[in-house]
Each structure stands twice: as C-alpha cells, then as structure tokens.
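Undergrad: Okay, here's the structure, questions in a sec.
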Amino acid sequence: MRIRIRRVRAAIAALGRTEDVRFAPNNRLLALAGFGRKRCLILRINIEATPGGPLVSVDDFLELTSGGIGRIHGIDFLDDETLVVANRNGLVAIIRLPSGELAGRQCHVEPVAVIRGGLSS
C-alpha cells in the first residue's frame, strides 16, 4: 500500500502547473489538468464515513495523453467515463477514458470528437 501512495504522490508532483480540476459525476474520479505537460491525471478517490467525519483517500491514478489535449484551459466530465477538454488554442476535445483499472498506467487515446473554435471577427 505504501508503494502505491508514493506512486500517486509522484504522479501528482510530476504533473506540474494545473489549470483546472473536476470530479466525475459519481465522485469516484478526479481529473487534474496538466497545463505545461499537456496531459490529464485521473485520480481514483475513496470517501469513507468515519465517526470523526469523512475520510478521503487517493489510491490509484491514470496519466492520460491525447491529440486533443494541449495547453489545457479547462476540463469537465460529461459522464463518469468521458472528459471534455478545452485548450487555449480554441480546440475542444471529447475524450473517452480507457476501460479497465487505472493501475498507475500511462495511456494515449484519440478524441472521440473535436470542436474547433476561434475568435469571431
């Protein structure tokens, strides 16, 4: 268990500058936008009721890269398995999380859809 916690802490520390964080609707996942490293870190969150109040822990992660993840400005979940990533260049990508356990792995996925935006004239 200690090794897993050290790996989660190392993944968070390596993420660098964060522009946004967002909980999945089921409150079991937390997405952190890694602005400078062009990736999202997905953390598995556990919330346990105890006599002293809620106990929150993080015990797993997934480092997510994609052609749709650039210099992230904001993120949100559409549902428990789908992220929307808004980038500073106007690109908005819809990204499906890979199936299976997070397992401290790194995954590259292509967006399901991309919306190109830009300044209006």
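None of the figures in this text is laboratory data; all of them are computed from the coordinates on show. It should be emphasised that the depicted structure is a prediction, and the values quoted were computed from it without experimental measurement. Here the Cβ is made from the backbone with ideal geometry for all residues, glycine too, and neighbour counts use every protein chain on show.
Undergrad: So if I place +1 on the C-beta of Lys and Arg and -1 on the C-beta of Asp and Glu, and nothing else carries charge, what would the dipole magnitude of the chain be about its Cα centre? I want it in debye, nearest 20.
TA: Working: 17 positive and 12 negative charges, 119 e Å.
Around 560 debye, computed over the chain.
Undergrad: Tell me the mean residue ellipticity at 222 nm calculated for the chain from its helices only (DSSP H runs of n ≥ 4, each -39500 (n - 2.57), averaged over every residue, nearest 500).
TA: Details: 1 runs with 14 residues, N = 121.
Per the formula, -3500 deg cm²/dmol.
Undergrad: Quote to one decimal, in nm, the extra length available between residue 58 and residue 110 on full extension: 0.36 nm per residue of separation minus the C-alpha distance between them. Before the final figure, lay out each step's value.
TA: Details: separation 52, 0.36 × 52 = 18.72 nm, distance 2.63 nm.
Here the answer is 16.1 nm.
Undergrad: A further question on this structure: Would you kindly calculate the translational diffusion coefficient of the chain, applying Stokes-Einstein with the Kirkwood radius from alpha carbon pairs, for 20 °C and a viscosity of 1.002 mPa s, and quote it in µm² s⁻¹ without decimals?
TA: On the way: Rh = 14.9 Å.
So the translational diffusion coefficient is about 144 µm²/s.
Undergrad: Of the residues 17, 37, 96, which exhibits the maximal mean-square fluctuation in a Gaussian network model of the chain defined by a 10 Å Cα contact cut-off?
TA: Largest GNM mean-square fluctuation: 17.
Undergrad: Set the Förster radius R0 to 30 Å, insert the Cβ-Cβ distance between residue 71 and residue 48 as r into 1/(1 + (r/R0)^6), and round the FRET efficiency to 0.05. It would help to have the intermediate numbers written out before the result.
TA: On the way: r = 36 Å, r/R0 = 1.20.
Computed FRET efficiency for residue 71 and residue 48 comes out at 0.25.
Undergrad: Less than 15 Å Cβ to Cβ from residue 48, Lys/Arg counted +1 and Asp/Glu -1: what total charge do the surrounding residues give? If you can, show how the numbers build up before the last one.
TA: On the way: positive: 28, 44; negative: 59.
After counting each charged neighbour, the total is +1.
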